[in-house]
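Asks: Before anything else, here's the structure in question.
Derivation of every value follows stated rules applied to the coordinates shown; laboratory data play no part. On a predicted model such as this, the values are computed, not experimentally measured, just so you know. So basically every Cβ, Gly included, is an ideal-geometry build from the backbone, and we count neighbours across all protein chains shown.
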Amino acid sequence: MINDIDQALAGARELRDRIVAHDIAGAQKAWIAARVGWERSEVFTSGFVPQLDDAIDAWPDATKGFHGIEAKLFGANSFDVQDQIGALIQNLANLDQQIRTIQLTAQGLLNGVTRLAYEVGDGKVDGGESRFSGTSLDDMRNNVEGIELAYRIVFASTLEASDPKLAGTVQGEIDRLKQLLTVEDLKQLDPDALRKASEDLVVTLQIAGPKIGLSTPTLEEATK
Amino acid sequence: MNPRLRHGVSRRSDTSAKDSTKDADIMIRRTCWTICVALAGLLLALPLRYAASFPVDGRETVLPSGSELNEEALNVPREQFHSEAAGGRKSYLINLGDLAFSSSAILGGVARQAGISCSTCHVNGASNPKLFVPHLSTRPGNFDTTGHLFNPKADNSVLDPVRVPSLRGARYLAPYGNDGRTASLREFIHNVIVNEFAGPEPPPAILDAMVTYIQDIDFLRDFALGPGGRLAAQASDAARRGEVLFAKPFPHDPSLSCAGCHVPSGAFVDHVPHDVGSGGLFKTPTLLNADFNGPYFHDGRYDSYDQVVAHFDRVFDLGLSAQDRNDLVAYLNAIGNAERPYEYEGVASKLKEIGDFASVLDTAIPAHDSDVISLTVNTVDLELRELTEQFPDHTDPSVTGGQQERARARSALKDLVLRLNRIGAVASAGEFDEAAAEHRNFRNLSVGPLPVLLHAAQPWSLFNPTIHDAHYNALQQMLQTAGK
């Protein structure tokens, strides 16, 4: 998680440097690179630091954060993003500090994993989060990668001990999401199937919560 | 029906079902995400989320462009159940039958993909005078059940659409089918599911339930009618004169009269097919509630009673004067009338319907009836998603105000969908005690916080006619822009 945020922060700083150098192609490349670590870390950010999550990654119709920059950088090939990049770097640096000290809870992480699983099928499936950059599919893949990482490291062994069949179902549904996201572009994505796979995973994670000594994870944040 | 939107399929309605033909060509086209992507260059000029917010499931239609299902109607036929009119409540079987009637899952692939169910054509058990499917309809309100689209095996290679009949009072109206070919309602329903719409063989219990449901749909009360189908005291003079003419023997064949086939004391039917010069033998249709069952004749060829009376006058050489015709029309209007034929859709009516459907789980879970649990979860899931889309999200520019209320309503509905699917998931794993617990969770939200949240958001929902029109006008404009 720390590595992911570090990667996002490094990418944002590179983005700032490319903008200063008036290198639009380099800036766009840096923006895409910064997104990878960010999307993988969303299982953590949406649950534990929602204000920073909003400041960094609000969408759609965002004027700030990654997507505010994206609209200008990719939509208009504009360099007029320095203030937004400054704010983004500050927020990512703030996050980078917080993640080293914040008290992570299993319940919070399960909530984050569940919300992100829901978001992949609900908000992101119908056109993608990063429309201007064309990296929406990567966003979703990185989200699912983050979901799988968090599940395997934190929850999988406990669930396998209490309900191995359910654990198999979780892994199967994550695999199903990954498989659906192997398409070449968004046009080939089957939105119905992705939405269903996403909700199936959410439902299974909600059933799994009490079986590993936690509460049923809520979607309070994800369904706002 | 759900708002699973299909390219070129209109589900919109104006507020009156009587002027069906006038607005039949107002096709508010919906698109799907596939199409939106294809038109991305144009749509990017519009608010992005809005452009993609209508195609809820992003499925490209399997129906011909220009199809009209009229599912967005706010003013819908009122459904009167015999069991409730008698002071009781609907049984498990009636609710299960209603659920199956509203479920596309019992039909075959094309209908299922298009989200079509029995209730698409028989709205609340009545008819659908605006239904139009290119290549299967020759006018709004009729439909070829032996066409290629829904079951190639049923295709008779002839465009022979029949009008969509109301099912009110069906228990009095055997035999079934326009030509009265089927004595058993159960057999008729089976034929519709399996042959006309290529559905899988339905479980016997589902067929039984559908028969029970249809047989519970009453005619709506008509205050103009007294005992034995005679006009009540308040009838107009014209209607009374019409009543006399209706019973009068035909001049060239005294064995015939209108009332001889449309027997007033017997729901205005005689259960027998006749040739009335319309191209074959067709069953006598009931005249009860018929003011709302147009178009008329087996193929829906006539829009009005004037045309119907003129047809009989011509074919049977009745020699009617202009006043005679007017009197007969007045009589038909009187006996075809109904108390409160339509009602407005709203949060209360939708929650009532969903609650009735979900009540099937009260019996199916303790009975460990996995098939019925699955059908219920599937159908209620779609109903809840449809209801969610009645509360546009913050990206819909045609709706201002109530953003928090709408967001809360959507959030609660999404949560409810997940609770519902948890019931299905644990039940399919054979964990029926857990399914019962999840069902309690589902019900607690359904009857507690949910109605409060939905009622609070209703003024800014598509149940509000002003917002309804603004929403679909904006959509129409958007798609016109995209299509240029």
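Asks: Which trypsin sites (Lys or Arg not before Pro) in the stretch B:401-447 sit in a loop by DSSP (not H, G, I, E or B) and have at most 11 other Cβ atoms within 10 Å of their own Cβ?
Replies: Taking the stretch B:401-447 and a limit of 11 other Cβ atoms within 10 Å, no loop trypsin sites (Lys or Arg not before Pro) are found.
Asks: Sequence neighbours fewer than 8 away in the same chain don't count; with that in mind, list the aspartates and glutamates whose C-alpha is under 12 Å from A:Lys64.
Replies: Once the sequence-local aspartates and glutamates are set aside, what remains near A:Lys64 is A:Asp53, A:Asp54, A:Asp83.
Asks: Let me ask you something else. Would you mind estimating how fast the stretch B:102-221 diffuses translationally, via Stokes-Einstein at 10 °C and 1.306 mPa s with the Kirkwood radius over Cα pairs, in µm²/s?
Replies: Translational D for this selection: 109 µm²/s.
Asks: Translational diffusion coefficient, Stokes-Einstein: compute it for the protein assembly as shown using the Kirkwood radius over C-alpha pairs as Rh, at 4 °C and 1.567 mPa s, and state it as an integer in µm² s⁻¹.
Replies: Value of D from the Cα-based Kirkwood radius: 46 µm²/s.
Asks: I'm checking a number: the convex hull volume of the Cα atoms of chain B, normalised per residue, in Å³. What is it?
Replies: 154 Å³
Asks: For B:Tyr305, B:Tyr331, B:Tyr172, what ranking results if the residue with the fewest other Cβ atoms within 10 Å of its Cβ goes first?
Replies: B:Tyr172, B:Tyr305, B:Tyr331
Asks: Roughly what angle does helix A:24-40 make with the longest principal axis of chain A, taking Cα atoms, 0 to 90 degrees, to the nearest 10?
Replies: The answer is roughly 20 degrees.
Asks: Output the direction-averaged projected area (hull surface divided by four) of the convex hull of the alpha-carbon atoms of the stretch B:211-307, in nm².
Replies: Values: hull surface 30.2 nm².
If I average the Cα hull's projected area over directions, I get 7.6 nm².
Asks: Where a Cα-Cα gap under 12 Å defines reach, which aspartates and glutamates qualify for B:Lys248, not counting those fewer than 8 residues away within the same chain?
Replies: B:Asp324
Asks: Counting Lys and Arg as +1 and Asp and Glu as -1, what is the net charge of the other residues whose Cβ lies under 12 Å from the Cβ of B:Glu196?
Replies: It works out to a net charge of -1.
Asks: List the pairs from A:Lys165/B:Lys414; A:Lys29/A:Lys187; A:Lys196/B:Lys414; B:Lys90/B:Lys352 whose alpha-carbon separation is above 20 Å, in the order I gave them.
Replies: A:Lys165/B:Lys414; A:Lys29/A:Lys187
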